[in-house]
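The values are calculated or read from the model by the stated rules, or taken from the named source; none is laboratory data. Please read all numbers here as calculations on a predicted model, not as lab measurements. Cβ: placed from backbone, ideal geometry, glycine included. Neighbour counts: every protein chain shown. To get the accessible areas, we keep the full protein, side chains included, count just its heavy atoms, and leave off ligands, DNA and RNA. Shrake-Rupley method; radii C 1.70, N 1.55, O 1.52, S 1.80 Å.
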Amino acid sequence: MLPMRRTALPLALVLLAVLPATAVAHGSHPPSPTFPSVLLDWRFDPLVAVLLGATAAAYLWAVLRVNRAHPGNPQPRIRTWLFMSGLVAIGVALTSPIEAYEGSLFSVHMVQHLLLMLVAPPLLLGGGPITLTLRVSTPTIRRRLLWVLHSPVVKAISFPVVTWVLFAAVNWGWHFSTLYDEALENQLLHYFQHATFLAAALLFWWPVVGVDPSPWRMPYPVRLFYLFLALPQNSFLGVSLLSAGQVLYPHYITNLRTWGPKPLEDQQLGGVLMWVAGDLAFLIAMAIVIVAWMRHEERRTARLDERLAAERAARGEEPWTPSVPRGQTGR
């Protein structure tokens, strides 16, 4: 029984990070939102609560195990905060007033999708769930997990070109097909829609965040170029929704309401959100990559200086100090 428990819990860390995407539910038609009462219009979903709670519990259990086993090298607190923030982002997307109004307003539905694709995934990956799983696993389970990580299937689906194309295809495929409107009417299809959004986003952000081991390790300049290329496809999608001359999703026409913007205006607002907020998210990510790149170069330079100093000391030479040009001595 104990070996089975040791096997199940580490695997749950990886699996449960994806499963919350399948827990989304439509509510009844909400009333006209009024401030501040709209902030209290949360939609409790037992499945969402159980999955998010189980994921958080499994992650924190692993953190405690690692910290106890390796007090000199504990799990960085920032990673725990990032992972928990990712779970909070999913919870806000699926149970907050965003969930209450996403079936009535396309613009609110767009906010939900932005949270699931551009906010939650990089935060979850910043928590290093794969690394934590490997550290808490037994040697046998660790070898099996590493074999899976380097298997041909994982290598194929995690190849950066594949993840980039998949991310764009999921975005465009859902928004410009009848499946989007059908998902608003079919609960199971709506589950699948959000699951594909989160899964594709996790694969997209995996090589960018770079905390966990991956079959493909992108240098920082390549990460910047990878994100830079995502900007125009996101902008074009937002502009396409903004410039559409008719409502693309009949659900928002037949879903009669006596308040808020007209369906076409609401759709245009959703396009603006995709365009502006989406591009802003990518720009912020690019800025973070630049900062991480600079720090990486500083650490690399410091290690090189230490190695050169050690080599000079081994040869009995004086430590190197930069020469000061004449006329620039300190006063």
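For segment 34-72, the candidate set comprises residues that are at pLDDT 90 or above and of a type in the set (S, T, N, Q); within that set, the residue that is nearest to Pro129 (Cα to Cα) is Thr55.
Residue count for segment 55-109, restricted to those that are out of contact with any His (no Cβ under 6 Å at 6 or more places or on another chain), surrounded by 23 or more Cβ atoms within 10 Å (Cβ to Cβ) and charged (D, E, K, R): 1.
Checked against (1) among the β-branched types (Val, Ile, Thr); (2) open to solvent by 20 Å² or more (accessible area, probe 1.4 Å); (3) farther than 21 Å from Gly278 by Cβ, Thr133 meets all criteria but (2). Residue under question is Ala201, and the condition is that it be assigned to a helix (DSSP H, G or I), modelled with pLDDT under 90, open to solvent by less than 10 Å² (accessible area, probe 1.4 Å) and under 24 Å from Ala89 (Cα atoms); does it hold? Answer is no for this residue.
Going through (1) at pLDDT 90 or above; (2) not in a helix (DSSP H, G or I) one by one, Val211 falls short only on (1). Pick out, from segment 87-151, the helices (runs of 4 or more DSSP H) lying fully within it that include 3 or more residues that are more than 19 Å from Ser37 (Cα to Cα). It comes to 106-114, 120-126, 129-136, 139-149. Only one of (1) surrounded by 17 or more Cβ atoms within 10 Å (Cβ to Cβ); (2) over 18 Å from the mean Cα position of the chain (by Cα); (3) at pLDDT 80 or above fails for Gln112. Which number is that? The one condition Gln112 does not meet is (2). The set of residues in segment 147-161 being free of Cβ contacts under 8 Å to residues at least 40 places away in the same chain and either touching a helix residue (DSSP H, G or I) at 6+ places or on another chain (Cβ under 8 Å) or among the hydrophobic types (A, V, I, L, M, F, W, C) (or both) consists of Trp147, Val148, Val153, Ala156, Val161.
In segment 171-190, the count of residues that are in contact with a helix residue (DSSP H, G or I) (Cβ under 9 Å, 6 or more places away or on another chain), open to solvent by less than 20 Å² (accessible area, probe 1.4 Å) and without any contact (Cβ under 8 Å) to a residue 40 or more places away in the chain is one or more.
Among residues of segment 22-46 that are of a type in the set (Phe, Trp, Tyr), those with a Cβ under 7 angstrom from a residue that is modelled with pLDDT of 65 or more and surrounded by 10 or more Cβ atoms within 10 Å (Cβ to Cβ), sequence gap 6+ or separate chain, pair up as Trp42/Thr95; Trp42/Ser96; Trp42/Pro97; Phe44/Thr95.
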